[in-house]
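These notes are about the structure you will find just below.
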Amino acid sequence: MARFADIVNSPPDSKFIVQGNAAFALGIIHAGYHAATGYPGTPSTEVIDKSLAYVQDRIKVGWSVNEAVAVSTALGHAMAGSDTAVTMKIPGVFQAADAITTTAFFTGKAGALVIFAVTDYVPSSTQHVIDARYFFASSGLPVLEPRNHQEVYEIAWTAADMSRRFQTPVIVLTSGMLAHSEALIRTKQPRTVEPLEMPADVKAWMNLPSLARANYNTVMRERIPAIKTWCESAGLADISTGTDDWGIIVNGASEIIVREA
């Protein structure tokens with residue numbers, strides 16, 4: 001794999017063989033994010049450790065002492081108007097559960113907040129493989145699952161745009177299989193995103209019991225229905241037709257396995 005700093009500065013439409021974590025890190029830079037933080041939990045570690053750490057002239061980046069602090073730090077960047085990514089493995093999601101669920105029900109206008117969480121199909125780089133999608137769903141959080149390395153790269157754009165548009169944290173959920181394998185990607189035209197101004201009224205960033213119900217109603221009655229409507233025409237899913245009268249519904253890297261079967 002080429003040096004990450006060299007890949008970052010390559011012209012659009014360049015082709016590289018990269019690790020999945022490096023693909024997402026490259027997407028973060030090319031999609032114009034302003035900050036990234038996380039906790040070094042494999043299989044997500046290389047997003048920062050082997051990638052973003054080498055381009056600190058392009059983005060604010062650093063580790064946090066644990067996943068809850070990482071999410072809170074990322075939220076601070078987003079509140080200040082910066083598009084921000086935070087990385088962790090699935091056990092870290094539950095370590096950060098309080099921060100994630102509280103953040104999910106803030107409704108203030110902010111920069112993008114994208115949580116990159118990496119799981120395993122069997123315990124390999126992680127202690128357990130609890131399906132966090134149920135947790136994310138109960139928190140009212142949209143989940144994007146890239147199917148291949150190109151999508152891992154491009155999903156940085158989609159997630160940031162989605163987060164800003166609907167004022168919600170967005171989960172990018174992938175697996176150790178994609179995160180630690182290498183494949184060919186084609187780069188896009190990088191973009192520059194101007195940070196937003198931090199609003200003077202921060203009431204929408206409070207979730208005390210007296211305010212929590214109103215925030216909850218906004219998320220459940222307005223945000224989630226709007227996201228569902230948008231997803232129907234956003235091109236996030238592919239339908240491949242055949243000749244048989246049966247089909248298979250897959251998500252994430254499972255598509256690669258099904259197509260090879």
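The values are calculated or read from the model by the stated rules, or taken from the named source; none is laboratory data. Worth saying up front: this structure is predicted, and the values here are computed from it rather than measured. Here the Cβ is made from the backbone with ideal geometry for all residues, glycine too, and neighbour counts use every protein chain on show.
Details
- Lone unmet requirement of (1) of a type in the set (S, T, N, Q); (2) touching a Pro at 6+ places or on another chain (Cβ under 7 Å); (3) assigned to a loop (DSSP other than H, G, I, E, B); (4) surrounded by 15 or more Cβ atoms within 10 Å (Cβ to Cβ) for T174: (3)
- Residue, nearest to P12 (Cα to Cα), within the stretch 190-200, restricted to residues that are more than 22 Å from the chain's Cα centre (by Cα) and loosely packed, with under 14 Cβ neighbours inside 10 Å: E197
- Each residue in the stretch 201-223 was checked for being among the β-branched types (V, I, T) and exposed (fewer than 12 other Cβ atoms within 10 Å of the Cβ), and 1 pass.
- I256, sole failed condition from (1) under 19 Å from A31 (Cα atoms); (2) among the β-branched types (V, I, T); (3) in a helix (DSSP H, G or I): (1)
- Pairs with Cβ under 6 Å, 6+ apart, first in the stretch 142-158 and within 16 Å of M177 (Cβ to Cβ), second among the charged types (D, E, K, R): R147/E255
- In the stretch 130-171, residue surrounded by the most Cβ atoms within 10 Å (Cβ to Cβ) [restricted to those that are in a helix (DSSP H, G or I) and hydroxyl-bearing (S, T, Y)]: Y153
Every residue, every condition in (1) of a type in the set (D, E); (2) buried (at least 17 other Cβ atoms within 10 Å of the Cβ); (3) free of Cβ contacts under 8 Å to residues at least 40 places away in the same chain, yes or no:
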{"residue": "T42", "(1), (2), (3)": "no, yes, no"}
{"residue": "E46", "(1), (2), (3)": "yes, yes, no"}
{"residue": "K50", "(1), (2), (3)": "no, no, no"}
{"residue": "E67", "(1), (2), (3)": "yes, yes, yes"}
{"residue": "V86", "(1), (2), (3)": "no, yes, no"}
{"residue": "K89", "(1), (2), (3)": "no, yes, no"}
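- Tally of residues being of a type outside the set (V, I, T), buried (at least 22 other Cβ atoms within 10 Å of the Cβ) and either within 14 Å of K188 (Cβ to Cβ) or touching a residue at least 40 places away in the same chain (Cβ under 8 Å) (or both) across the stretch 9-29: 7
- Enumeration of residues in the stretch 91-101 that are surrounded by 20 or more Cβ atoms within 10 Å (Cβ to Cβ) and among the hydrophobic types (A, V, I, L, M, F, W, C): V93, A96, A99, I100
- For Q127, the stated conditions do not hold, so it cannot be described as modelled with pLDDT of 95 or more, more than 22 Å from W205 (Cβ to Cβ) and polar (S, T, N, Q).
- Residue within the stretch 222-238 that is under 23 Å from L144 (Cα atoms), assigned to a loop (DSSP other than H, G, I, E, B) and either in contact with a Pro (Cβ under 7 Å, 6 or more places away or on another chain) or among the acidic types (D, E) (or both) present: yes
- Any hit, the stretch 177-200, residues being assigned to a loop (DSSP other than H, G, I, E, B), touching a residue at least 60 places away in the same chain (Cβ under 8 Å) and among the acidic types (D, E): yes
Yes or no, residue by residue, for (1) basic (K, R); (2) under 29 Å from F105 (Cα atoms):
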position: R164; (1), (2): yes, yes
position: T187; (1), (2): no, no
position: A204; (1), (2): no, yes
position: Y216; (1), (2): no, yes
position: A226; (1), (2): no, yes
position: D238; (1), (2): no, no
position: G247; (1), (2): no, no
